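Beneath this line is the structure, given in structure tokens, with notes to follow.
The values are calculated or read from the model by the stated rules, or taken from the named source; none is laboratory data. For clarity, every value in this text was computed on a predicted model and none was experimentally measured. Counting neighbours? That spans all protein chains shown, and the Cβs are built from the backbone with ideal geometry, glycine included. Accessible surface is based on the protein model in full, side chains and every heavy atom, while ligands, DNA and RNA are left aside. Shrake-Rupley method; radii C 1.70, N 1.55, O 1.52, S 1.80 Å.
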Protein chains: 2
Amino acid sequence: MRRANDVSAARRLSRSTLFGVLLACVALPGLARAADALPGWNDGPVKARIVDFVRSVTDPASKSYVPPTERIAVFDNDGTLWSEQPLYFQLAFALDRVKAMAPSHPEWKTQEPFKSVLARDMAGVAAAGEHGLLQMIAATHAGTTSEEFSGIVSSWLATARHPSLGKPYTELTYAPMKELLAYLRANGFKTYMVTGGGVEFVRAFSEQAYGVPPEQVVGSSIKTRYEVRDGKPVIVRLPEVEFIDDKAGKPVGINRYIGRRPILAFGNSDGDFEMLEYTTSGAGRRLGMLLRHDDGQREFAYDRKSSIGRLERGLDEAARRDWLIVSMKSDWRTVY
Amino acid sequence: MRRANDVSAARRLSRSTLFGVLLACVALPGLARAADALPGWNDGPVKARIVDFVRSVTDPASKSYVPPTERIAVFDNDGTLWSEQPLYFQLAFALDRVKAMAPSHPEWKTQEPFKSVLARDMAGVAAAGEHGLLQMIAATHAGTTSEEFSGIVSSWLATARHPSLGKPYTELTYAPMKELLAYLRANGFKTYMVTGGGVEFVRAFSEQAYGVPPEQVVGSSIKTRYEVRDGKPVIVRLPEVEFIDDKAGKPVGINRYIGRRPILAFGNSDGDFEMLEYTTSGAGRRLGMLLRHDDGQREFAYDRKSSIGRLERGLDEAARRDWLIVSMKSDWRTVY
């Protein structure tokens, strides 16, 4: 009996193994491919929901199917695609520019916020407030042509290092997010960045860093003017704010640049709240995600009380809005 | 001798025929395909230059090669992709909207420019000048959400007819231009519209009419605001001009929305001058084209003296700037 049982068990095993193999070949190739496409994400409900969402909007037989032209996915940049602590990287760029430009501006030695910047007195810079920040933006971001500005940003990115991590800023982009961008593009999505950062600052590296071309970057901007200088037509950057692509400005920017409501939005702070709200309230299936910075070991831990990247309303309302909270600590196998 | 000569000639012929066939199969498939791709264009120097340009920037062995991500082509709309006489079609839309909205606006009976519009007194409308036009735009283009506005435009396009040609406006798009757009896309170009018209007006039909998705339309705009109305997030259109995408505004709009200098630009009026100037002054091979409306038989004949679509500086400077003047009469086999 025992031997007969063994044979029978072996047969059952063999049959169920065969069944398993067949199932894997027939029913789950999508899952297998998806899992491979996101190796930096730990298996679990978050990854499963992302994969399920993508499968449901790309499967022509699904009632949630979305044609490729409408597969618009929008991503915040600071704190969502790359780090943003201890200060927005674009602010680090502005501070470095003040130092680099100081020799031609002797008046800055006595003039705020420049005086504090040059003295490395961050409390003094902060005390200069929004007015001081705008002065600094005007001094460091305007006065050049668009093409010159792009070159300045590229040179800075090639040499500047993060103050505590010691790495180039473009190495502080999140590997799991770049996988997600590529995975979405492989599934027919158009991936956009929708950033509070300056659009021409971000465009200088978006393609190389994330595979997002300049025309798919929506951001804050200063005014510009067309000019023919010595017979050469250029776009000149003016010291006046044109548009702030943050909070309620994000849906406005999306509507202006893209002209369609996205079906997927990914942010990390309350500055992204309206972008997620706008995205997820459209008809059909939608996905809103917020990255939670809860990994002080591998990155930085901050949320409700942070001055940079504060996430409070998003945490409070995520559950009732069916937004996905992504834990950097639990959901990511790697960070950079 | 004669017979020998005949045989020899036949052999030569046969050899040269064979050579010709081989050549056609091996060396000219690009030309053959290109010619087929533009059946609405007459053979001649204009068509040949377009085809040669596309071949040179797409051939990896060419010194003029441009990678696909940088193949940006920009097209004006009014008078370039569809007709613009006897008045811009968007103005016809505004006039029709005034008539449709009049029952809810009894005050318009005595208020210009509305009074003149309702009396079909175009001289009176013109007399109201730019201020009158802006009032009409505010009344007919603002006050709705973006999605509602898009629906209003679509309904209008479905029923309105051109005053003299009697056809729906979307049937007054130029067949040779749609072929050119498709030909460029088939060669890896991203095709953009850069229009003085309202961006949300044009986006309502750009994809269906031209295969240009909303995110590839750059245009004039009014301000908008994000609002949550009865729990539903919407973009509200405000009665205030934000941006005029015409003349020197076109390069500014291109830089803002696209963030790269195009390599091909196609317009028809002096409102497109700066767009062509900006495009064709970049490094590497570029192509600037102006459509000349010289076909009063099949369309409308106008150029230097027209109030709509005036082409004067462009004609004067085309030769020295190496811009291509496209004659509707000579270069197009068909118009609509």
Qualifying residues in segment B:134-148 (those that are touching a Gly at 6+ places or on another chain (Cβ under 9 Å) and not polar (S, T, N, Q)) - the one nearest to the other protein chains (Cβ to nearest Cβ): B:His141
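Yes/no per residue for (1) under 21 Å from B:Tyr257 (Cβ atoms); (2) of a type in the set (Ser, Thr, Tyr); (3) open to solvent by less than 10 Å² (accessible area, probe 1.4 Å):
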position: B:Ala100; (1), (2), (3): no, no, no
position: B:Gln111; (1), (2), (3): no, no, no
position: B:Leu184; (1), (2), (3): yes, no, yes
position: B:Ala204; (1), (2), (3): yes, no, no
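Could you tell me which of the residues B:Ala182, B:Ala160, B:Ala138, B:Ala204 is modelled with pLDDT of 95 or more and farther than 27 Å from B:Val74 by Cα?
Values: B:Ala182 fails: farther than 27 Å from B:Val74 by Cα; B:Ala138 fails: modelled with pLDDT of 95 or more; B:Ala204 fails: farther than 27 Å from B:Val74 by Cα.
It is B:Ala160.
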Filter result (open to solvent by 20 Å² or more (accessible area, probe 1.4 Å) and of a type in the set (Asp, Glu)) within segment B:206-224: B:Glu207
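Return the only residue of B:Ile263, B:Ile254 being hydrophobic (A, V, I, L, M, F, W, C) and more than 28 Å from A:Lys247 (Cα to Cα).
B:Ile263
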Pairs with Cβ under 9 Å, 6+ apart, first in segment B:213-240 and small (Gly, Ala, Ser), second outside any strand (DSSP E or B) and open to solvent by 70 Å² or more (accessible area, probe 1.4 Å): B:Ser220/B:Ile244; B:Ser221/B:Ile244
Which numbered condition A:Asp230 misses (of (1) crowded, with 20+ Cβ neighbours inside 10 Å; (2) of a type in the set (D, E, K, R); (3) farther than 17 Å from B:Gly249 by Cα; (4) more than 8 Å from every other protein chain (Cβ to nearest Cβ)): (1)
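Yes/no matrix, rows are residues, columns are (1) more than 14 Å from chain A (Cβ to nearest Cβ); (2) polar (S, T, N, Q); (3) open to solvent by 10 Å² or more (accessible area, probe 1.4 Å):
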{"site": "B:Thr58", "(1), (2), (3)": "yes, yes, yes"}
{"site": "B:Ser62", "(1), (2), (3)": "yes, yes, yes"}
{"site": "B:Glu70", "(1), (2), (3)": "no, no, yes"}
{"site": "B:Ala73", "(1), (2), (3)": "no, no, no"}
{"site": "B:Ala128", "(1), (2), (3)": "yes, no, yes"}
{"site": "B:Gly132", "(1), (2), (3)": "yes, no, no"}
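Output the residues belonging to segment B:306-315 that are over 17 Å from the mean Cα position of the chain (by Cα) and either touching a residue at least 40 places away in the same chain (Cβ under 8 Å) or not in a helix (DSSP H, G or I) (or both). Show your work before the answer.
Just the residues of segment B:306-315 that are over 17 Å from the mean Cα position of the chain (by Cα), to begin with: B:306-307, B:312-313, B:315.
Across segment B:306-315, the qualifying residues are B:Ser306, B:Ser307, B:Glu312, B:Arg313.
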Top-ranked residue of segment A:153-182 - restricted to ones that are open to solvent by less than 20 Å² (accessible area, probe 1.4 Å) and within 15 Å of the chain's Cα centre (by Cα), ranked as farthest from A:Arg333 (Cα to Cα): A:Tyr169
Which numbered condition A:Lys190 fails, given (1) touching a Leu at 6+ places or on another chain (Cβ under 6 Å); (2) closer than 27 Å to B:Pro262 by Cα: (1)
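If I filter segment B:278-305 down to residues being open to solvent by 20 Å² or more (accessible area, probe 1.4 Å) and touching a residue at least 40 places away in the same chain (Cβ under 8 Å), which single residue comes out as farthest from A:Asp230 (Cα to Cα)? Quick ask: steps written out before the conclusion?
So in segment B:278-305, the residues open to solvent by 20 Å² or more (accessible area, probe 1.4 Å) come out as B:280-281, B:283-286, B:292, B:294, B:296-298, B:300-305.
From what is left, the residues that are touching a residue at least 40 places away in the same chain (Cβ under 8 Å) are B:280, B:284-285, B:300, B:302.
Working: B:Thr280: 16, B:Gly284: 19, B:Arg285: 21, B:Phe300: 38, B:Tyr302: 33 Å.
Per the stated criteria, the residue is B:Phe300.
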Sole exception among (1) out of contact with any strand residue (DSSP E or B) (no Cβ under 7 Å at 6 or more places or on another chain); (2) modelled with pLDDT of 95 or more for B:Gly282, by number: (2)
Residues of segment A:190-202 that turn out to be open to solvent by 20 Å² or more (accessible area, probe 1.4 Å) and either of a type in the set (Lys, Arg) or within 10 Å of another protein chain (Cβ to nearest Cβ) (or both), as a count: 2
Residue satisfying all of: in segment A:208-217; touching a Ser or Thr at 6+ places or on another chain (Cβ under 7 Å) and at the interface with another protein chain (Cβ under 10 Å from one of its Cβ atoms); nearest to A:Gln90 (Cα to Cα) among these: A:Val217
Pick from segment B:316-336, criterion free of Cβ contacts under 8 Å to residues at least 60 places away in the same chain and more than 18 Å from the chain's Cα centre (by Cα), ranking: least open to solvent (accessible area, probe 1.4 Å): B:Ala318
Test for B:Thr140: is it under 28 Å from A:Asn255 (Cβ atoms), over 25 Å from the mean Cα position of the chain (by Cα) and surrounded by 13 or more Cβ atoms within 10 Å (Cβ to Cβ): no
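So which residues in segment B:234-262 are among the β-branched types (Val, Ile, Thr), more than 9 Å from every other protein chain (Cβ to nearest Cβ) and open to solvent by 10 Å² or more (accessible area, probe 1.4 Å), if there are any at all?
B:Val241, B:Ile244
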Some residue of segment B:155-174 being in contact with a strand residue (DSSP E or B) (Cβ under 7 Å, 6 or more places away or on another chain), of a type in the set (A, V, I, L, M, F, W, C), part of a loop (DSSP other than H, G, I, E, B) and farther than 21 Å from A:Gly259 by Cβ: yes
